[in-house]
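The values are calculated or read from the model by the stated rules, or taken from the named source; none is laboratory data. Quick caveat: nothing in here was measured; it's all calculated off a predicted structure. Cβ: placed from backbone, ideal geometry, glycine included. Neighbour counts: every protein chain shown.
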Amino acid sequence: MIDRKRLSGIWLMAMALLSLGAFTAFFVAQMWLNILFAVYFSLALLQFITLNIYLWGPEKLPGRPLKILYRLCYASSFLVIPTFIFIFMGLISQYHVKIPDSIDATAMRSEEIVPGDGTVIYNTGTLYVIFPEYTSVDLVCEDRPSKSDKTITWCSGAAFQHAVSLGFSHENIEGDHASVGEFFESPYEKDAYVAFVSAGKDFSFEFEDRSQAIKSAADKGGSGFMQFGLMRDGESVMNFDRPRARCYRTLAELNGSLCIIDSVNMLHFTEFMDELKKLGVTNAIYMDMGAGWNYSWFRNAKGKVVTLFGLPVPWSHNWVVFRK
């Protein structure tokens with residue numbers, strides 16, 4: 001009996017420490033969903049309450065209801081390990097994989113960083129500049145694009161979603177948007193949003209009449225969506241900052257061509273913006289890179305899929321894809 005009590009004590013202490021570590025990682029990495037924040041905090045709090053009751057002596061609890069409540073709190077400790085694994089996977093997903101086939105651009109002039117015949121990737125030392133091979137850029141909604149679709153050369157998250165939901169609705173996508181010729185109006189829009197629109201190989205970043213630009217793209221059979229604006233005509237238009245370092249991404253125009261730009265490693269947002277300006281980016285919009293939302297992959301020049309961030313979440317419902 002004594003050995004069983006000691007094992008229970010060791011288990012409760014281990015789960016209390018593990019739950020605290022998991023919650024700290026969740027908080028520091030800004031894997032920020034309000035519901036999960038409350039769940040993880042409550043789980044950690046429960047472990048410390050249970051541990052303190054154990055140290056005090058659960059046999060001293062007055063009444064059967066309190067003893068049953070203690071057992072329920074004890075049972076919650078078995079949720080700590082799967083929670084830690086989920087948070088750990090989310091944390092790992094925020095680190096960008098290396099792209100060994102990228103072109104070393106550390107000594108190249110900005111004007112030399114241009115598209116090639118197929119998908120081309122440059123590494124400036126701080127940024128990956130990705131020029132996917134494409135003949136159209138589409139917004140895909142509801143069903144996540146398949147890696148087996150060989151026409152897709154790039155896939156990543158696009159517009160923000162207003163609420164975390166397993167079910168899909170176009171109204172939940174923030175900002176008016178169009179998907180392959182079909183226009184959808186959204187009740188959620190912010191003044192800082194900029195419209196990206198495309199029809200075939202033609203594209204533009206619209207800072208003024210955003211909804212009309214998306215409607216026009218839809219009329220041409222194209223796509224469009226809204227996101228926070230980062231750069232306009234070479235100057236920063238972003239009016240907020242992110243306090244913590246992480247990998248960042250933008251859909252951008254560089255030397256007159258459309259590209260995706262990712263930070264090679266985790267940066268502070270101000271550093272990322274400085275690097276975009278130094279590179280000579282003309283126009284750019286923000287691409288969400290929270291844990292799970294940063295799911296992305298591309299098809300290299302040899303036709304092989306390279307996964308950059310491989311942890312999708314079931315409540316992510318819209319993506320921007322480049323098709324050849």
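Here is the figure for the stretch 228-239: residues that are surrounded by fewer than 19 Cβ atoms within 10 Å (Cβ to Cβ) and small (Gly, Ala, Ser) total 2.
Would the stretch 142-157 turn up any residue that is among the polar types (S, T, N, Q), crowded, with 20+ Cβ neighbours inside 10 Å, at pLDDT 95 or above and more than 21 Å from VAL281 (Cα to Cα)? Yes, some residue in the stretch 142-157 is among the polar types (S, T, N, Q), crowded, with 20+ Cβ neighbours inside 10 Å, at pLDDT 95 or above and more than 21 Å from VAL281 (Cα to Cα).
Scan the stretch 135-184 for residues that are within 26 Å of LYS304 (Cα to Cα), touching a residue at least 60 places away in the same chain (Cβ under 8 Å) and among the hydrophobic types (A, V, I, L, M, F, W, C) and the total you get is 8. A single member of PHE196, PHE225, PHE205 is touching a His at 6+ places or on another chain (Cβ under 6 Å) and surrounded by 23 or more Cβ atoms within 10 Å (Cβ to Cβ), and it is PHE225. Only a single criterion out of (1) surrounded by fewer than 15 Cβ atoms within 10 Å (Cβ to Cβ); (2) part of a loop (DSSP other than H, G, I, E, B); (3) at pLDDT 85 or above is not satisfied by GLU271, namely (2). Selection of the stretch 170-199 for residues being closer than 22 Å to THR250 by Cβ and in a loop (DSSP other than H, G, I, E, B) yields GLU174, GLY175, ASP176, SER186, TYR188, GLU189, LYS190, ASP191, ALA192. Contact map, the stretch 216-227: first residue under 16 Å from ASN318 (Cβ atoms) and in the same structural domain as LEU251 (by TED's automatic domain parsing), second residue of a type outside the set (Phe, Trp, Tyr) and assigned to a helix (DSSP H, G or I), Cβ cut-off under 8 Å, separation 6 or more or different chains; pairs are SER223/ALA217; GLY224/ALA213; GLY224/ILE214; GLY224/ALA217; GLY224/ALA218; PHE225/ILE214; MET226/ARG210; MET226/ILE214.
Here PHE78 clears all of (1) modelled with pLDDT under 90; (2) closer than 30 Å to SER165 by Cα; (3) surrounded by fewer than 16 Cβ atoms within 10 Å (Cβ to Cβ) except the condition numbered (1). The condition of being crowded, with 22+ Cβ neighbours inside 10 Å and part of a strand (DSSP E or B) holds for only one of VAL306, VAL320, VAL281, that being VAL320. Entry remark, the stretch 158-181: residues being more than 19 Å from SER198 (Cα to Cα) and crowded, with 23+ Cβ neighbours inside 10 Å number 0 in total.
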